[in-house]
Each structure stands twice: as C-alpha cells, then as structure tokens.
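The values are calculated or read from the model by the stated rules, or taken from the named source; none is laboratory data. The structure displayed is predicted, hence computed values, not measured ones. Methodologically, a virtual Cβ is constructed for each residue, glycine included, from the backbone with ideal geometry; neighbour enumeration extends over all protein chains shown.
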Amino acid sequence: MDCSIEAHQLDGSPFVKADPDLHWKRTLDALLILLALPFLIPLALFIALLIRTVSVGPVLFKQERVGHQGRRFMCFKFRTMFVDADTTLHQGHLHQLMNSNTPMMKMDSKGDPRIIPFGVLLRASGLDELPQLMNVLRGEMSLVGPRPCLPYEYDKYLPWQKERFETVPGLTGLWQVSGKNKTTFVEMIQLDIRYAKNRTLWWDLKIILMTIPALVIQMLETRQARRASARPVRRTAGYSIGAVRLHSFAKAVLAGAIQARDCEDVWMQKETKLNL
C-alpha cells in the first residue's frame, strides 16, 4: 500500500476527501449520533457545567491533530487540564513510549497535577472526547478508526507506520478494544493498520459494542493504579467485591467479542481462498 503523503494533502484544508467506497461509514456515523442525541445533549451540558464549576477557563479544548492521509484539522475535547498546562511533559512521555517496548500507559494513570478535579474520571471514561462528535459530523473523523495523532508525533513516524492514516481517524478503534494501555506503541500501530486494511460495516459495529466493556476495564484499572500510587503500603487492598465482579464481567464480554472477531477473520480468509 502506498503510504506517501502529497504536499497538497497537508495544506490545512478543514475537510477530508471521503473514500468513495466507504459511504456506509458516514451513514453509520450519522445514524448512531442521531439516535444518541437525546442522551448525549444532557450529558454534554452536565459535563460543561462541571468543568466551569471546578476550573477557570474555557469548557472546550482545541488542538491540531493529523488525520486521514496526513491532513491536519482542529480536534475538539472537553478541557481536563488547567489552563496553560505544560505540554512538554507529554512530548517527553510520548517520545519514551515511541522508542521503547513499554505499555502505552497515560501519564494521569498514576497522578498528574495538571489535571482538573474530575478530569481523571472524564479521561478514563472517554467522556472528554464527546465533543469530537462535531469532528465526526464534519467528516474529519469517524466513530471507529485510529486515534488522530499530534503533529510532533506524526513527524516521528516511520514510513510503514503512516499506513494507519489510510483511513479516517475515530473516537474508538481496534486498538482501544484490544488492550490499549497494555499494548506497546508498535502494537498500536499494527492494530491500526490491520483495521485500515480490513474495515467493514460489521467490524465497526462490533468495535462499537466492545468499547463499553473496554472503557469499564480502563476506568477500574486507572482507579487501581491511582490508589496503588497514593497508598503504596495498602497496595494489596484491591477492589471491592462489586468492582471485581464488574471487572470480570467486562473482561468476559470483551474476550467473547474478540474471539468472535477472530473467527470472522479466519472465515473471511478461507472464503477468499475458495474464491481464488
């Protein structure tokens, strides 16, 4: 697959040229957002009010990201950090992850003084990314796809790694439901490329359904990591019985969904060989 980026693709145009073979993706995005609006609007208003209550500054945070075929666009999020927070810490953390074989753990998993009250909860639950639905409606993102990266991250990508930009970025994706914080940077890239080359309607629907248990697991793991960091002496305290049961249920659902996905991949490979 040719992963070269032409000069005109980096001109900052706000809209991404849609793949003519993926009209189903735009239709699915619009339909699901429309169905979820009665729930999403009150939730978004509540989060906006919460942010204004606990922190001074704008509710939304805008940041330039790199998406489909290297195009840059302004990505929206709910602000979860104090205004004028130092971003060099994140650049150093990201550089370390890109050049090591360590899991992709976020800086806030063990505490980050830049984050506002309730910011960790918003980030772990993915609710801070709710405003990116505007990016989806504008065609810059999709509900499912690789996460849009930062420009300084994109500049460090190797040529083969840029194959992940052959599809529109998304709010959730194969990487997010395949371990996420337990995967390395290279494994994340490989999962994104696998999705970009094999995206289908049914796979998008499965990933969307798998996202809920994946977020539950992420929230529980973030809570455990922060507790362990804050009280190292009581590290063995663990979760309550209810949390353990919820964690086990979420893992079982996620494992079943992944197994179903893998079975479908094997079936598709066999069908392809028969057709040949």
Search result, residues across the range 101-131 that are without any contact (Cβ under 8 Å) to a residue 60 or more places away in the chain and within 19 Å of residue 156 (Cβ to Cβ):
107
Give the range 116-156 a look and list any residue that's within 18 Å of residue 174 (Cβ to Cβ) and touching a helix residue (DSSP H, G or I) at 6+ places or on another chain (Cβ under 9 Å), or say none.
126, 129, 136, 141, 142, 143, 144, 145, 146, 147, 148, 149
Report every pair of residues separated by at least 6 positions or lying on different chains whose Cβ atoms are under 6 Å apart, first residue within the range 53-73 and without any contact (Cβ under 8 Å) to a residue 40 or more places away in the chain, second assigned to a strand (DSSP E or B) and not aromatic (Phe, Trp, Tyr).
61/77; 62/74
Would you check which residues across the range 61-84 are part of a loop (DSSP other than H, G, I, E, B) and in contact with a helix residue (DSSP H, G or I) (Cβ under 8 Å, 6 or more places away or on another chain) and list them?
67, 71, 79, 80
Residue in the range 134-185 that is nearest to residue 51 (Cα to Cα), counting only those that are part of a helix (DSSP H, G or I) and charged (D, E, K, R)
180
Out of all the residues in the range 90-110, which are more than 18 Å from residue 77 (Cβ to Cβ), over 15 Å from the mean Cα position of the chain (by Cα) and hydrophobic (A, V, I, L, M, F, W, C)?
97, 98
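Here's the yes/no breakdown for (1) under 17 Å from the mean Cα position of the chain (by Cα); (2) at pLDDT 95 or above; (3) among the β-branched types (Val, Ile, Thr):
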{"position": "51", "(1), (2), (3)": "no, yes, yes"}
{"position": "69", "(1), (2), (3)": "no, no, no"}
{"position": "84", "(1), (2), (3)": "no, no, no"}
{"position": "112", "(1), (2), (3)": "no, no, no"}
{"position": "125", "(1), (2), (3)": "yes, no, no"}
The range 189-202 - residue that is touching a residue at least 60 places away in the same chain (Cβ under 8 Å) and in a helix (DSSP H, G or I) and, of those, surrounded by the fewest Cβ atoms within 10 Å (Cβ to Cβ):
202
Is the range 125-133 home to any residue that is within 23 Å of residue 177 (Cβ to Cβ), among the acidic types (Asp, Glu) and in a helix (DSSP H, G or I)?
yes
Go through (1) surrounded by fewer than 19 Cβ atoms within 10 Å (Cβ to Cβ); (2) assigned to a helix (DSSP H, G or I) one by one and return the number of the condition residue 217 breaks.
(1)
